[in-house]
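*Asks:* One structure, pasted below without further comment.
The values are calculated or read from the model by the stated rules, or taken from the named source; none is laboratory data. Quantities reported herein were computed from a predicted structural model and do not represent experimental measurements. Using ideal geometry, Cβ is built from the backbone for each residue, glycine included, and neighbour counts are taken over all protein chains shown.
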Amino acid sequence: MNRIDRLFQTKKNGILSIYFTAGYPSLGDTLPLIRTLDKAGVDMIELGIPYSDPLADGPTIQESGQKALKNGMTLGVLFEQLEDLREVTDMPVILMGYFNQILQYGESAFFKKCKAVGIDGLILPDLPLYEYKNKYQKELESLGLNISFLFSPQTSDERLKLIDEYSKGFSYMVSSASTTGKSDGISDDQKAYFERIEKMGLKRPRLIGFGISDKQSFQTACSHANGVIIGSAFIRAITGVEDVQRAAADFVSEVL
């Protein structure tokens, strides 16, 4: 069974997924951070592939991506690092990237490499649903790779139902229309949006991302979904510190 599916079967609420950029703060931090987060009680990892033109990312993640690229992180280097992934953790691990990166690598080669190193799922914000359905769905399903699509407060009910149908494992519930990194707490408008989605009776588990940054926003979001994805706040916590692993563990302990 796919590790993401297993997670949602065994844990229905309070799921914490942490996003960080591969190769940040240092090129060799990817696997040590995964190990640390596993031991700290994180349920799932969303590993960002650094990219020169990230559409949905705010300044914190953009800057981490630029630093990772300067550190020498590429898809080839990342896959080399991930050869030892399953010696480090049995947590679900997702790769998040932009489809142009996958096109440059070669779609089938990328998907097969993900399977070979133990990746469980993908988030590709700029992959259209129709293109996934017509070109890639069968291959991903044959490899046992899940894919999660994003929706926001502006997403129509009709499109929400399609996202719910085609997402595998979970759907990614963007908390607002902004880029990542906004962390002013959860507003009344966002709560109304969460409640609207709950009333739709969607079948797929949901994780809320964008703007979740601390224990309070984590708990509020978990009252409206199965869990959360925290990215920018975590990256800020491991930036400019002497002991990256300690900072990572401390951040998780403050959220849970």
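*Asks:* Give me a count of the residues in the stretch 1-37 that are crowded, with 18+ Cβ neighbours inside 10 Å and at pLDDT below 95.
*Replies:* 0
*Asks:* Name the residue, out of Y51, Y19, that is of a type outside the set (D, E), out of contact with any Lys or Arg (no Cβ under 7 Å at 6 or more places or on another chain) and under 17 Å from L256 (Cβ atoms).
*Replies:* From the options Y51, Y19, the qualifying one is Y19.
*Asks:* Kindly list, by first and then second residue, each pair from a residue in the stretch 222-250 that is under 15 Å from I18 (Cα atoms) and in contact (Cβ under 8 Å) with a residue 40 or more places away in the chain to a residue that is hydroxyl-bearing (S, T, Y) and assigned to a strand (DSSP E or B), limited to pairs with Cβ atoms under 6 Å and residues at least 6 apart or on different chains.
*Replies:* Every condition considered, the pairs that remain are I229/S17; I229/Y19; G231/Y19.
*Asks:* Find the residue count for the stretch 220-243, including only residues that are farther than 22 Å from G48 by Cβ and either in contact with a His (Cβ under 8 Å, 6 or more places away or on another chain) or surrounded by 15 or more Cβ atoms within 10 Å (Cβ to Cβ) (or both).
*Replies:* Total meeting the criteria: 3.
*Asks:* Does I163 satisfy being within 18 Å of I229 (Cβ to Cβ), β-branched (V, I, T) and under 19 Å from the mean Cα position of the chain (by Cα)?
*Replies:* So I163 fits the description; yes.
*Asks:* Determine, yes or no, whether L103 is free of Cβ contacts under 8 Å to residues at least 24 places away in the same chain and aliphatic (A, V, I, L, M).
*Replies:* Yes.
Conditions tested, residue by residue: (1) modelled with pLDDT of 90 or more; (2) farther than 23 Å from L256 by Cα; (3) in a helix (DSSP H, G or I); (4) touching a Ser or Thr at 6+ places or on another chain (Cβ under 9 Å).
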residue	(1), (2), (3), (4)
T155	yes, yes, no, no
E158	yes, yes, yes, no
I163	yes, yes, yes, yes
Y172	yes, no, no, yes
G181	no, no, no, yes
I197	yes, yes, yes, no
L202	yes, yes, no, yes
L207	yes, no, no, yes
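*Asks:* Looking only at residues in the stretch 38-51 that are of a type in the set (D, E, K, R) and over 17 Å from Q62 (Cα atoms), which one is surrounded by the most Cβ atoms within 10 Å (Cβ to Cβ)?
*Replies:* Here the answer is D43.
*Asks:* Any residue in the stretch 193-212 that is aliphatic (A, V, I, L, M) sitting within a Cβ distance under 6 Å of a residue that is surrounded by fewer than 18 Cβ atoms within 10 Å (Cβ to Cβ) and at pLDDT 90 or above? List the pairs, counting only those 6 or more apart or interchain.
*Replies:* From the stretch 193-212, no pairs qualify.
*Asks:* If I filter the stretch 117-127 for residues that are assigned to a helix (DSSP H, G or I) and loosely packed, with under 15 Cβ neighbours inside 10 Å, do I get at least one hit?
*Replies:* No, because not a single residue in the stretch 117-127 is assigned to a helix (DSSP H, G or I) and loosely packed, with under 15 Cβ neighbours inside 10 Å.
*Asks:* Out of the residues in the stretch 155-173 meeting the condition of being closer than 15 Å to M200 by Cα and touching a Lys or Arg at 6+ places or on another chain (Cβ under 7 Å), tell me which one is surrounded by the fewest Cβ atoms within 10 Å (Cβ to Cβ).
*Replies:* D164
*Asks:* May I pose another question? Answer yes or no as to whether S213 is of a type in the set (S, T, N, Q), at pLDDT below 95, under 18 Å from the mean Cα position of the chain (by Cα) and surrounded by fewer than 20 Cβ atoms within 10 Å (Cβ to Cβ).
*Replies:* Numbers: of a type in the set (S, T, N, Q): yes; at pLDDT below 95: yes; under 18 Å from the mean Cα position of the chain (by Cα): yes; surrounded by fewer than 20 Cβ atoms within 10 Å (Cβ to Cβ): no.
The answer is no for S213.
*Asks:* Here is a follow-up. Quick one: I197 ticks every box in (1) touching a strand residue (DSSP E or B) at 6+ places or on another chain (Cβ under 9 Å); (2) surrounded by fewer than 19 Cβ atoms within 10 Å (Cβ to Cβ) except a single one, so which number is it?
*Replies:* Among (1) touching a strand residue (DSSP E or B) at 6+ places or on another chain (Cβ under 9 Å); (2) surrounded by fewer than 19 Cβ atoms within 10 Å (Cβ to Cβ), the lone unmet condition for I197 is (2).
*Asks:* Does any residue in the stretch 38-63 that is modelled with pLDDT of 95 or more come within less than 7 Å, Cβ to Cβ, of a residue that is charged (D, E, K, R) six or more places away or on a different chain, and which pairs are these?
*Replies:* That search, which allows pairs on different chains as well, returns D43/K11.
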